[in-house]
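Working notes, beginning with the structure itself.
The values are calculated or read from the model by the stated rules, or taken from the named source; none is laboratory data. Bear in mind the structure is a predicted one, so any value in this text is a computation, not a measurement. So basically every Cβ, Gly included, is an ideal-geometry build from the backbone, and we count neighbours across all protein chains shown.
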Number of protein chains: 2
Amino acid sequence: MNENRRVDAEATREALLDAAEAVFYERGVARASLEAIARRAGLTRGALYWHFDGKADLFRQLLERVRMPYEELVREIPADQRTTSRLDEIRLACLQALERLGQPRYRRIHSILLHRCEFFDDINPTGLMAQMSRQGIESTKERFEQAADNGELRSGLDPETANLMLHNLLRGIFHGWHLDPGAFALRETGRKLINEWFVLVRAD
Amino acid sequence: MNENRRVDAEATREALLDAAEAVFYERGVARASLEAIARRAGLTRGALYWHFDGKADLFRQLLERVRMPYEELVREIPADQRTTSRLDEIRLACLQALERLGQPRYRRIHSILLHRCEFFDDINPTGLMAQMSRQGIESTKERFEQAADNGELRSGLDPETANLMLHNLLRGIFHGWHLDPGAFALRETGRKLINEWFVLVRAD
DNA sequence: CACATAACATACATACATGTATGTATAATG
DNA sequence: CATTATACATACATGTATGTATGTTATGTG
């Protein structure tokens, strides 16, 4: 059967991606040599060049592992926390995002994106993050408008501003945590800040 | 006079720092060669190695150019905006910080710190930023406590949480702007978000 | 005026990382 | 059973950055 060889090859491909994640994280993308990555996976650069076109391609494929569209976050909200409030839906989705970002894989790859890579070749991490950011802001925009229509938002606060403020607060929390993961408890402090913010913007 | 030679040497040192700032910004720290930096300054690597110990030393000395302690920000608040409100002092200091961060030199160097360098040798940009962040949070902590004592803070919101939320919001705004400077007007959008946040936390 | 030193430029030796070319074993195929 | 393609390993050729060693020049000094 040809299938056996295919799954073996796929396994080494995954091993190379795991190794790249580890080495990128430890030494930074620029100082990470393909030799070190291959050896970490118990292979040689020959295997790496067989599966990938080079460091840029490897990096690109690594990022495929961390995507999280808003709808997915909403779907993952625990069933016992279902709500009809738009504002609460957004809030719970944010908490869900924090939950995800705390997981090792998300944490490592985002840490690489934030602090362990510069742009190189045709790869522009900043551009990628900007795109992800815009996408996130866009996906909650109409929810905030609905919340405003429902009268859930504090009077005088327009939904556009609220949406922007939330995303920038989230971004700040996320970056702050990555800056000093030891001193900053993402789950607890993050939850608290998010919840308190929603208290502030919710109409009495 | 020996003085002439000293100021000449100091001028080339500055030129090398300017060149480093430009090349780091354009190509990223890792891909920036000392050769390119020296030539950008109209010199050779010989001059660079005369004034600096290498890339790490060069980078370190570049960062000396951007420091902004809280007291300095308060001192720079326009005289016509003097206030006795603690909360307003913090707010105006934040706006002042935004003003500074928008200036080319601050912008370029922070952009290098955020998106154009990985750690290398004994340099740890993340650690440096974490330190600056902690320092900033610490410097406004007691001001928020004073504001709370004055009854300026919305009831139910403790000063510690407010302080953390503000710094994370600021961080998010700052990062968001650096992520996409074109789509995000630091001065206007930043001012607006900060001002709106202070409206939210201020007691009625 | 000899000369010593500051402030550079030039030259060289070394070290890697990359990309590619070539070798090889194993499994599928006809 | 011969063959062929897959999935790697090995070997090599090249480019490039770095650190240092060695010139070179002008300026100040005794």
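Among the residues of segment B:20-30, are any within 11 Å of DNA strand D (Cβ to nearest atom), loosely packed, with under 15 Cβ neighbours inside 10 Å and assigned to a helix (DSSP H, G or I)?
No, segment B:20-30 has no match at all.
Name the single residue, out of those in segment A:76-95 being within 16 Å of A:Glu142 (Cα to Cα) and of a type in the set (Asp, Glu), that is surrounded by the fewest Cβ atoms within 10 Å (Cβ to Cβ).
Step by step, filter segment A:76-95, then rank; the result is A:Asp88.
Does A:Leu73 meet the test of being under 21 Å from A:Pro104 (Cβ atoms), surrounded by 11 or more Cβ atoms within 10 Å (Cβ to Cβ), at pLDDT 95 or above and away from DNA strand D (no atom under 15 Å from the Cβ)?
yes
What is the residue count in segment B:182-194 for residues that are in contact with a Lys or Arg (Cβ under 8 Å, 6 or more places away or on another chain) and surrounded by 14 or more Cβ atoms within 10 Å (Cβ to Cβ)?
Total satisfying the criteria: 1.
Of everything in segment A:102-147, what is within 14 Å of chain B (Cβ to nearest Cβ), hydrophobic (A, V, I, L, M, F, W, C) and touching a residue at least 12 places away in the same chain (Cβ under 8 Å)? Give them in sequence order.
A:Ile112, A:Leu113, A:Leu114, A:Cys117, A:Phe120, A:Ile123, A:Leu128, A:Met129, A:Ile137, A:Phe144
Regarding B:Asp88, is this residue in a helix (DSSP H, G or I) and not assigned by TED's automatic domain parsing to the domain that holds B:Glu145?
Numbers: in a helix (DSSP H, G or I): yes; not assigned by TED's automatic domain parsing to the domain that holds B:Glu145: no.
Against the criterion (in a helix (DSSP H, G or I) and not assigned by TED's automatic domain parsing to the domain that holds B:Glu145), B:Asp88 does not qualify.
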